[in-house]
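A quick write-up on the structure given underneath.
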Amino acid sequence: MATDHAVGTVLMPPMCVDHTAPPAYPCGRVLVTGGSHFEGKPQNTVELYDEASEQWASAAPMNQARQSHTTTLLADGRVLVTGGFAQEVLATVEIFDPLLGRWVRAAPTAVARQGHSATLMPSGKLLVAGGDRGAVSGVVATSEVFDPAGGANASGSWSDVRPMSANRSAHTATVVTGGSVLVAGGATAGEATPTAELYDAATGAWRSVPPMAVRRYAHA
């Protein structure tokens, strides 16, 4: 490890920003994926933190360097990575299998996106919503659902669902009682928005709910 003497903090190589980690990884471990060095170059490196030993270990790198992507722990213990940015906005998807210790490519999203949300629903399927396509078309409202059990060789399959009522990126998306997904805030049309909406997994429809009191994006 290298120490940053200027601020007295410990920095683990490689130093990353905009990396992501699933909120709860099996067996008391945390998987940290991708991100960029301070020079802004996306990377594909991966590290595992073991809660019991309080140690970090290198894991197999992703197939694609990326930052501003999502990582989601699937119901079967695998980890799904979607989208992000590396020279361009990405539609590529890959899955980490902890039993094999390697990454496999999965079916890509229909829309390349970064700054989107990826939410595991009670059904075991994943809702990907919104995000930014960069110079192609900016912030989008499009949504897709990933079925981990679909596709050839369990590589998963995507299906389009209705778009949100508002374009948004850097928003939050949370499963609420009943299995619906609440999307709140985000950036749209160059400014933060207070709007919120619910996705009904049973009908595949979105409906607006009362907005927040404060406009916000990149919140938690």
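The values are calculated or read from the model by the stated rules, or taken from the named source; none is laboratory data. On a predicted model such as this, the values are computed, not experimentally measured, just so you know. Here the Cβ positions follow ideal geometry from the backbone for every residue, glycine too, while neighbour counts run over all protein chains shown.
Looking only at the range 99-107, decide whether some residue is surrounded by 19 or more Cβ atoms within 10 Å (Cβ to Cβ) and of a type outside the set (A, V, I, L, M, F, W, C). No.
Would you please name the residue that is farthest from GLU88 (Cα to Cα), looking only at residues in the range 134-146 that are modelled with pLDDT under 95 and of a type outside the set (Ser, Thr, Tyr)? The extreme case among them is GLY138. From the list GLU88, GLU39, GLU47, GLU51, the lone residue that is surrounded by fewer than 19 Cβ atoms within 10 Å (Cβ to Cβ), closer than 30 Å to PRO163 by Cα and among the acidic types (Asp, Glu) is GLU88. Against the definition (among the aliphatic types (A, V, I, L, M), modelled with pLDDT of 95 or more and either touching a helix residue (DSSP H, G or I) at 6+ places or on another chain (Cβ under 9 Å) or not in a loop (DSSP other than H, G, I, E, B) (or both)), how does VAL128 come out, yes or no? So VAL128 passes the test. All of (1) more than 27 Å from VAL46 (Cα to Cα); (2) of a type outside the set (S, T, N, Q); (3) not in a strand (DSSP E or B) hold for LEU198 with one exception: (3). All conditions in (1) small (Gly, Ala, Ser); (2) touching a Phe, Trp or Tyr at 6+ places or on another chain (Cβ under 6 Å); (3) touching a residue at least 60 places away in the same chain (Cβ under 8 Å) hold for ALA75, with the sole exception of (2). Considering only the range 154-161, I want to know if a residue exists there that is among the β-branched types (Val, Ile, Thr), in contact with a strand residue (DSSP E or B) (Cβ under 8 Å, 6 or more places away or on another chain) and farther than 25 Å from VAL176 by Cβ. No: the range 154-161 contains no residue that is among the β-branched types (Val, Ile, Thr), in contact with a strand residue (DSSP E or B) (Cβ under 8 Å, 6 or more places away or on another chain) and farther than 25 Å from VAL176 by Cβ.
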